[in-house]
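In what follows, a single structure is set out as structure tokens and then discussed.
Quick note: the coordinates plus some simple rules give every number you see, no bench work behind them. Predicted model, so just to flag it, every value in this text is computed and none were measured. Cβ placement follows ideal geometry from the backbone for every residue including glycine, while neighbour counts extend to all protein chains displayed.
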Amino acid sequence: MIQINNLTKRYGEFLAVDDISFNVEKGKILGFLGPNGAGKTTTMRIITGFMPPSEGFVTISGHDVSKEPLLTKNKIGYLPETPPLYMDMTVEEYLNFAGLLKQVPNKKIKYAVENACLKVDINDVKNKVIKALSKGYKQRVGLAQAIIHEPEVLILDEPTIGLDPIQIREVRDLIKSLAGNHTIVLSTHILPEVDMTCDEVVIIKKGKIIAQDTPKNLSKKMNKSSLEEIFIDLISESRSEEK
Amino acid sequence: MKNIITIFNREFRSYFSSPIAYIVIGLFLVLTGVFFYLLTSSFLQYSANLQWQAARMRQAVPPMNVNQMIIRPLFSNISVITLFVVPMITMRTFSDEKKSGTLELLLTSPVTTTQIVVGKFLASFLLYVIMALLTWVYPLVIIIYGNPDILPIGIAYIGIIGMGAASIGIGLWISSMTENQIISAMGTFVILLFLWLVGWFSNFTSGGFSEFFKYLSIIEHFNDFSKGIFDTGHLMYYVSLSGMTLFLAHQSIESLRWRS
């Protein structure tokens, strides 16, 4: 579904993403792990067509993201790190706008908004101004925006950041329920989350992939019980190499 | 087209869901109203003076031209006031979206950068046109109590609107380059002020330079409109300036993708 081929991104001299390749199969959830500044957001921004890669390419069900931007953008729902919300709109107005922007036909827009609100459970705040919502609700409105046009692919950049434990569990369950219909790539720091939700894990550091497998296989291979240990291990391994 | 309308709708509504539209339009009408009051009262004073003098000298009262004495200076004043309010209209267009991250939503949606820029331009432009046309009350007062030529008033409005399109283009372009609304407004104001003052340089230079500076000046082109002279050359200046600045705004948004 999503193919990432030899992706490289340079900011001047700085190499943010260094020759990354991986595939995500249809209906699967891929967890994208890495310390801060590892290149997660950059990779996701390239997948969504927000910025072009320096080298390599990304295809969404066979279509190159940089060659057919309008087509591929239509297939993608994207929740950036900070949800892209217009604070002075109500939730309903905002989702209406997002839906039209994502080419939902005028006739179906009302249904699409209702459906998205139902899925992320924000019906009770539909008529509130976004400014007045709590962080958890804002995150959910951002998620509703990403799924409003029922995209084949969902790209979620740290969807649970800044939420309280109960909200985290809710969002996690939500993401799980969305898999199957959608192919999902999500980035996070929270490791148990990956253990529980993801079918596959890609760990990157300094723009390079340092591990890629299912969470189960990874723990078998590394002989560690939790993903957290594996992660710390891998990250610090490459850290001591540098010394 | 549908995408442009979607962008336009949100942008235009956002003016009215914040106090910006009300403040800008209110401020504009107060300022232009003050000028209208001053111009009409000095006109009345002058005409009373003339009548008194004519009576004393036992002569006929010399004819006075309302178009020349009220309408032309009124539109000149309005055109100058727009230079101050346009930066307020355009300052948040792109800056706000850059700061809050909503630009990421627009740039990852299946719409083109051209559609985004045009949609935003049309929204700011419509607000400007509404604001400018609200001044119709002033000419109306003169039409009721005097007998001005109507056609020059219409032509002056074409000039005001053309100049607005060009100024808003400049504002959008500056706004697309910064995420700070204050810098956006100040930058737009400085450029508009420059384009206004550059006409004066033509007084101190000669030949080609003088012509060049005169051509560059946004106000020089308006002078003919305020006199009621319709010249497509002047209109072309505004149209091409709008086109050029919108192209620059487009390029600056596109370049975000490469740099960010």
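Is the shape of the range B:128-253 best called rounded, prolate or oblate, per the rule: a/c under 1.5 gives rounded, else a/b larger than b/c gives prolate, else oblate, with a ≥ b ≥ c the square roots of the Cα gyration tensor eigenvalues? Verdict is oblate for the range B:128-253. For the range A:134-174 versus the range A:26-80, the spacing of their alpha-carbon centroids is 18 Å.
Each helix, a run of at least 4 DSSP H residues, gives -39500 (n - 2.57); summed and divided by the residues of chain A, these come to -12000 deg cm²/dmol at 222 nm. Note on residue B:255 and residue B:224: the model spin-label points, each 7 Å out from Cα along the C-beta direction, lie 3.3 nm apart. Kindly work out what percent of the DSSP beta bridges joining two residues of the range A:2-206 are antiparallel, to the nearest 5. The antiparallel proportion sits near 45 percent. Cut-off 10 angstrom, C-alpha nodes, Gaussian network model of chain B. Which of B:235, B:44, B:133 fluctuates the most? Judging by the Gaussian network model, the answer is B:44.
For residue A:135, a cut-off of 17 angstrom between C-alpha atoms picks up these lysines, skipping any fewer than 8 places away in its own chain: A:126. Across the range A:2-206, the convex hull enclosing all Cα atoms gives 115 Å³ per residue.
If you take the charge dipole of the range B:1-113 about its Cα centre, with +1 on Lys and Arg Cβ and -1 on Asp and Glu Cβ, which of B:107, B:90, B:43 is farthest toward its positive end? In the range B:1-113, that residue is B:43.
Placing dummy labels 7 Å off each Cα toward the beta-carbon, the span from residue A:229 to residue B:141 is 8.5 nm.
Going from the fewest other Cβ atoms within 10 Å to the most, the residues A:32, B:194 appear in the order B:194, A:32. Since only B:232, B:245, B:178 are under comparison, the one whose Cα sits farthest along the positive direction of the charge dipole of chain B, derived from C-beta charges on Lys, Arg, Asp and Glu, is B:178. Under Stokes-Einstein, with the Kirkwood radius over Cα pairs as Rh, the value for the range A:57-151 at 10 °C and 1.306 mPa s is 116 µm²/s. Checking the cross-link pairs A:73/A:205; A:28/A:220; A:102/A:128; A:110/A:205; A:9/A:119 against a 32 Å limit on the alpha carbon distance flags A:110/A:205; A:9/A:119 as lying beyond it. Relative contact order for chain B: 25 percent, from Cα pairs under 8 Å spaced at least 6 residues apart, divided by residue count. Evaluated over chain B, the count of Lys pairs having alpha-carbon atoms less than 19 Å apart is 4 (only pairs 8 or more residues apart or interchain).
I need the calculated FRET efficiency for the pair residue B:65 and residue B:112, taking r as the beta carbon distance and R₀ as 41 Å, to the nearest 0.05. E between residue B:65 and residue B:112, to the nearest 0.05, is 0.20. Across the range A:2-206, Cα pairs under 8 Å and at least six residues apart give a relative contact order of 31 percent.
Determine the shape class of the protein assembly as shown: with a ≥ b ≥ c the square roots of the Cα gyration tensor eigenvalues, call it rounded for a/c under 1.5, and otherwise prolate if a/b is greater than b/c, oblate otherwise. Here the protein assembly as shown falls in the prolate category. Taking Cα centre as origin and charging only the Cβ of basic (Lys, Arg, +1) and acidic (Asp, Glu, -1) residues, the dipole magnitude of the range A:2-206 rounds to 420 debye.
By the count of other C-beta atoms within 10 Å, a proxy for reagent exposure, B:34, A:201 are ordered fewest to most as B:34, A:201. Result for chain A in a Gaussian network model with C-alpha springs under 10 Å: among A:69, A:165, A:35, the largest mean-square fluctuation is at A:165. A simple count of charges around residue B:3, restricted to other residues whose Cβ falls under 13 Å of its Cβ and scoring Lys, Arg +1 and Asp, Glu -1, yields +4.
Classify the range A:21-72 as rounded, prolate or oblate, taking a ≥ b ≥ c as the square roots of the eigenvalues of its Cα gyration tensor: rounded when a/c is under 1.5, otherwise prolate if a/b is larger than b/c and oblate if not. Since a/c reaches 1.5 but b/c is at least a/b, the shape of the range A:21-72 is classed as oblate.
The aspartates and glutamates whose alpha-carbon is closer than 12 Å to the alpha-carbon of residue A:216, local same-chain residues fewer than 8 away aside, are A:195, A:199, A:200.
Neighbour counting of Cβ atoms within 10 Å sorts the residues A:172, B:56, A:10, fewest neighbours leading, into B:56, A:10, A:172. For the residues of B:98-106, the average number of beta carbons from a partner chain within 10 Å of their own beta carbon is 6. Once both labels are positioned 7 Å from their Cα atoms along Cα-to-Cβ, the gap between residue B:209 and residue A:220 label points is 8.2 nm.
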